[in-house]
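Undergrad: The structure follows.
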Amino acid sequence: MKKPALPTLSSAWLLPLAIVLAFIFLTWLVLSHAWFSDDAYFSFRSVDNFVHGHGLTWNVQERVQGFTHPLWVLLLSALYFFTREIYLTTILVSLALALAVAWLLVFKIAASRAQGLAALGLLALSTAFIDYSSSGLENPLTHLLLAVFLWLFLRTGENPPRLFWLCLVAALAAVNRLDTGLLYAPALLYAWWRQPQRAGALGVATLGFLPLLAWELFALVYYGFPFPNTYYAKLHNYVPLAQEVWAGLNYFWFTLLYDPLTWVVVFSAAVVVLRGNRPPRGVAVLLGMLLYLLYVLQIGGDFMGGRFLSAVYLAAVVLLAVYFLPQLSLRQHWPLIPAALLLSAVASSPPYQLYARGFETARWQGVVDERMVYHTTNFLRIEDLYAFNSHPDYHLLNRAAYLVRLLGRGTAFRWEAEHDWIELGRQLRAQAQAQGMLYLPQGANGFTGYYAGPDVYFIHGLALTDPLLSRLPPIYNPNWRSGHFMRQIPAGYLALEAGQQAALDDPALDAYYQQIRLVAQGPLFSAERWAAIWALNTRDFDDWLPGYAAQLRFPELQSVVVSGTGAELNAAFGGLGHQGVALQLEFTQPWQAAVLELGLSAGDHFQLVYLNAAGEELAAQTLLSRTTEGVETHRVQVPAAAAQAGYAALRLVSIRHLNQAADGEYLMSFIQALD
């Protein structure tokens with residue numbers, strides 16, 4: 001008698017069951033890892049203001065785009081209007097978007113349901129993707145729009161209607177976050193080039209991009225600037241490109257250390273597409289991924305580990321689903337499954353675990369596992385689970401029973417984020433209700449801003465939401481961190497905004513600010529405001545206030561006058577943890593020496609800046625230390641431009657070299673002109 005065949009994944013009942021279980025598992029992953037970044041609450045304050053009739057603002061008195069993701073803010077605002085609750089609303093929206101991505105992958109993008117399940121399994125193994133399927137940031141909507149675009153681009157035909165939809169989805173993605181447009185650019189260019197009538201196709205593409213054009217027009221009219229305020233605060237940072245790139249490499253290295261599967265899948269997708277016949281559509285998608293990664297590298301990455309890689313990872317999984325998985329056989333290639341699991345398990349906090357090993361936050365050169373930093377915002381009370389699970393007497397059965405009890409009682413979850421900054425916000429709200437409008441210099445947190453409410457005016461030192469500070473040069477910090485560039489708050493700023501004085505204490509800076517204030521607070525369509533909009537968008541800060549950048553960047557500048565052609569100095573400067581520190585040597589007569597000798601503290605790295613009598617930079621060079629003890633002598637060949645023009649001053653600034661942080665204690669013992 002012939003034995004009945006064992007059920008396989010292609011069986012009529014088994015495949016649907018596997019799909020249902022996979023979606024249930026993904027739901028568990030997203031909900032159990034649902035958390036909130038403090039940065040998300042910057043946007044939530046704008047959502048709250050908008051719904052309560054105060055406009056898309058941070059401080060209700062001024063129009064400032066303190067968020068980078070307009071479409072995400074508008075989506076949340078539409079739902080918040082009905083729920084008036086941000087925490088659970090955002091979690092459920094994020095879950096719905098993640099499940100929509102999974103549905104597209106299984107039912108539309110993959111060649112078969114079984115291959116779609118395999119691709120979904122890869123998504124579930126990436127810490128970057130799962131962690132940023134929530135967080136309160138725009139990533140879940142970025143993921144869905146990218147998945148829709150890739151489905152249209154890789155799985156449908158070539159015709160003008162398809163080009164329209166591709167452009168429309170890309171435009172919505174750019175409204176969601178402008179820089180993600182780089183992911184779409186090569187594919188859009190390829191889709192347009194394939195059109196038989198390219199001139200007419202341009203009109204179709206323009207129609208598709210109307211949402212982006214409409215938002216940019218709105219931003220220019222309402223805010224006075226085409227880009228988010230965070231763009232001006234973060235990217236106008238005076239950091240040399242080489243340092244930005246090094247920070248970007250550190251950002252990539254963090255993910256390689258703590259979430260290696262993400263990079264392995266990205267590189268695997270590149271290999272699959274570039275080998276063999278190199279499908280043009282696949283190459284176009286790969287070029288978009290490369291462009292975006294180069295952009296992330298150029299801006300110095302970010303401080304949230306994995307955030308800017310989640311969309312690239314999704315694109316890589318889609319490429320594998322389209323070009324690689326159809327070539328596989330489960331019987332022949334089953335070792336790939338344990339290999340992927342093993343790579344995922346190497347992560348400090350793989351998605352199928354609830355918390356990092358030892359409940360510690362992974363850190364690398366300013367990049368962190370942000371979910372662990374804000375674990376008290378996690379929907380599932382992972383800190384309670386960890387406290388129980390780490391007990392040496394409790395075995396696996398105890399832990400499972402404990403989790404089941406928590407779920408049954410409803411105490412496993414929190415219904416609102418918890419943080420000290422939230423409590424501070426509530427206290428400030430109560431204080432404002434009792435005393436009236438409050439005007440405060442506040443540290444960098446969105447939790448406090450959201451919970452404090454519209455009657456508290458915050459001047460934010462990191463300038464993310466401040467129209468003046470974002471356009472001032474940041475205080476120099478040799479150990480700068482991506483996205484964190486502190487500014488000085490000008491004297492009189494708070495008092496001016498509170499109506500206690502009419503101008504800033506510094507008249508020149510006040511003249512500049514009055515133009516910004518006119519744009520942010522003045523009548524929308526006045527001729528004076530539009531003249532200010534034009535001037536502020538076409539002139540740099542140095543054009544407005546020549547010579548001010550140095551004094552704003554180096555408030556702790558120490559000046560020493562040097563006469564003759566050399567001096568014994570023994571000038572100590574710095575101070576551990578200090579920012580805005582530098583030493584400036586001012587010569588009684590300009591020097592033209594072509595060679596200098598300087599005695600500097602060993603183990604420290606410096607930038608030497610040559611200045612003319614007006615304080616303008618003539619040239620700069622880097623001095624790297626090669627010893628670790630005592631005073632180190634540096635013989636310097638002066639740049640020809642500085643030697644020929646004559647330099648009236650030298651500014652010595654400590655720098656971080658690669659991973660070696662500046663220590664805050666510096667010494668210059670002598671300087672000598674050698675010719």
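Undergrad: Going by what's in this entry, would Leu183 be described as of a type outside the set (Asp, Glu), within 24 Å of Asp302 (Cβ to Cβ) and in a helix (DSSP H, G or I)?
TA: yes
For (1) closer than 27 Å to Val51 by Cβ; (2) touching a Lys or Arg at 6+ places or on another chain (Cβ under 9 Å), each residue gets a yes or a no:
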site: Phe82; (1), (2): yes, no
site: Leu92; (1), (2): yes, no
site: Ser112; (1), (2): no, no
site: Ala118; (1), (2): no, no
site: Leu125; (1), (2): no, no
site: Ile130; (1), (2): no, no
site: Ser135; (1), (2): yes, yes
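Undergrad: Among the residues that make up the range 641-648, is at least one of them in contact (Cβ under 8 Å) with a residue 40 or more places away in the chain and either of a type in the set (Val, Ile, Thr) or part of a loop (DSSP other than H, G, I, E, B) (or both)?
TA: Looking through the range 641-648, at least one residue is in contact (Cβ under 8 Å) with a residue 40 or more places away in the chain and either of a type in the set (Val, Ile, Thr) or part of a loop (DSSP other than H, G, I, E, B) (or both).
Undergrad: Can you tell me which residues in the range 21-47 are part of a helix (DSSP H, G or I), hydrophobic (A, V, I, L, M, F, W, C) and touching a residue at least 60 places away in the same chain (Cβ under 8 Å)?
TA: Ala22, Phe23, Phe25, Leu26, Leu29, Val30, Leu31, Ala40, Phe42, Phe44 - these are the residues of the range 21-47 that are part of a helix (DSSP H, G or I), hydrophobic (A, V, I, L, M, F, W, C) and touching a residue at least 60 places away in the same chain (Cβ under 8 Å).
Undergrad: Also, I was wondering about something else. Which one of these is surrounded by 13 or more Cβ atoms within 10 Å (Cβ to Cβ), in a loop (DSSP other than H, G, I, E, B) and in contact with a helix residue (DSSP H, G or I) (Cβ under 9 Å, 6 or more places away or on another chain): Leu496, Leu504, Leu536, Leu518?
TA: None of the others qualify; the one that does is Leu504.
Undergrad: What single numbered condition from (1) touching a residue at least 24 places away in the same chain (Cβ under 8 Å); (2) out of contact with any Ser or Thr (no Cβ under 8 Å at 6 or more places or on another chain) fails to hold for His143?
TA: (2)
Undergrad: For the range 277-288, does any single residue satisfy the condition of being of a type in the set (Lys, Arg), assigned to a loop (DSSP other than H, G, I, E, B) and free of Cβ contacts under 8 Å to residues at least 24 places away in the same chain?
TA: Yes - at least one qualifying residue is present in the range 277-288.
Undergrad: To continue, here is another question. Within the range 523-538, can one find any residue that is assigned by TED's automatic domain parsing to the domain that holds Leu623, over 29 Å from Gln644 (Cβ atoms), in contact (Cβ under 8 Å) with a residue 40 or more places away in the chain and among the polar types (S, T, N, Q)?
TA: No: the range 523-538 contains no residue that is assigned by TED's automatic domain parsing to the domain that holds Leu623, over 29 Å from Gln644 (Cβ atoms), in contact (Cβ under 8 Å) with a residue 40 or more places away in the chain and among the polar types (S, T, N, Q).
Undergrad: Another question, then. Give Ala269, Ala242, Ala311, Ala233 a once-over and let me know the one that is surrounded by 24 or more Cβ atoms within 10 Å (Cβ to Cβ), at pLDDT below 95 and either assigned to a helix (DSSP H, G or I) or among the charged types (D, E, K, R) (or both).
TA: After applying the criteria, what remains is Ala233.
Undergrad: Return the residues of the range 415-431 that are without any contact (Cβ under 8 Å) to a residue 60 or more places away in the chain, over 25 Å from the mean Cα position of the chain (by Cα) and surrounded by fewer than 17 Cβ atoms within 10 Å (Cβ to Cβ); say none if nothing qualifies.
TA: Residues satisfying the conditions are Glu423, Arg426, Gln427, Ala430, Gln431.
Undergrad: So is Val317 at pLDDT 95 or above, of a type in the set (Val, Ile, Thr) and closer than 16 Å to Asn250 by Cα or not?
TA: In short, no.
Undergrad: Let me ask another. For the structure I just gave you, tell me whether Leu21 is under 22 Å from Pro350 (Cα atoms), in contact with a Pro (Cβ under 6 Å, 6 or more places away or on another chain) and of a type in the set (A, V, I, L, M, F, W, C).
TA: no
Undergrad: Quick one: in the range 63-88, which of the residues that are buried (at least 22 other Cβ atoms within 10 Å of the Cβ) and assigned to a loop (DSSP other than H, G, I, E, B) is nearest to the chain's Cα centre (by Cα)?
TA: My answer is Thr68.
Undergrad: Hey, another quick one. May I ask you to say which residue of Gly282, Gly306, Gly288 is crowded, with 18+ Cβ neighbours inside 10 Å, in the same structural domain as Asn250 (by TED's automatic domain parsing) and on the phi > 0 side of the Ramachandran plot?
TA: Gly306
Undergrad: Residues in the range 183-190: is at least one aromatic (Phe, Trp, Tyr) and touching a residue at least 12 places away in the same chain (Cβ under 8 Å)?
TA: Yes.
Undergrad: Also, I was wondering about something else. It is to be established whether one or more residues within the range 209-227 are of a type outside the set (A, V, I, L, M), crowded, with 22+ Cβ neighbours inside 10 Å and at positive phi.
TA: Looking for residues that are of a type outside the set (A, V, I, L, M), crowded, with 22+ Cβ neighbours inside 10 Å and at positive phi, one finds at least one in the range 209-227, hence yes.
Undergrad: State whether one or more residues within the range 539-552 are closer than 30 Å to Gly436 by Cβ, part of a helix (DSSP H, G or I) and touching a residue at least 60 places away in the same chain (Cβ under 8 Å).
TA: no
Undergrad: Confirm whether Leu152 is more than 21 Å from Arg307 (Cβ to Cβ), of a type outside the set (Val, Ile, Thr), in a helix (DSSP H, G or I) and touching a residue at least 24 places away in the same chain (Cβ under 8 Å). Full working, then the answer.
TA: On the way: more than 21 Å from Arg307 (Cβ to Cβ): yes; of a type outside the set (Val, Ile, Thr): yes; in a helix (DSSP H, G or I): yes; touching a residue at least 24 places away in the same chain (Cβ under 8 Å): no.
Spelling it out, it is not the case that Leu152 is more than 21 Å from Arg307 (Cβ to Cβ), of a type outside the set (Val, Ile, Thr), in a helix (DSSP H, G or I) and touching a residue at least 24 places away in the same chain (Cβ under 8 Å).
Undergrad: Identify all residues within the range 56-86 that are free of Cβ contacts under 8 Å to residues at least 24 places away in the same chain and under 25 Å from Leu524 (Cα atoms); write none if there are none.
TA: Of everything in the range 56-86, those that are free of Cβ contacts under 8 Å to residues at least 24 places away in the same chain and under 25 Å from Leu524 (Cα atoms) turn out to be Thr57, Leu74, Ala78.
The values are calculated or read from the model by the stated rules, or taken from the named source; none is laboratory data. Since the structure is predicted, the reported quantities are computational estimates derived from the model, not experimental observations. Quick reminder, even Gly has a Cβ in these numbers, built from the backbone with ideal geometry, and neighbours come from all protein chains shown.
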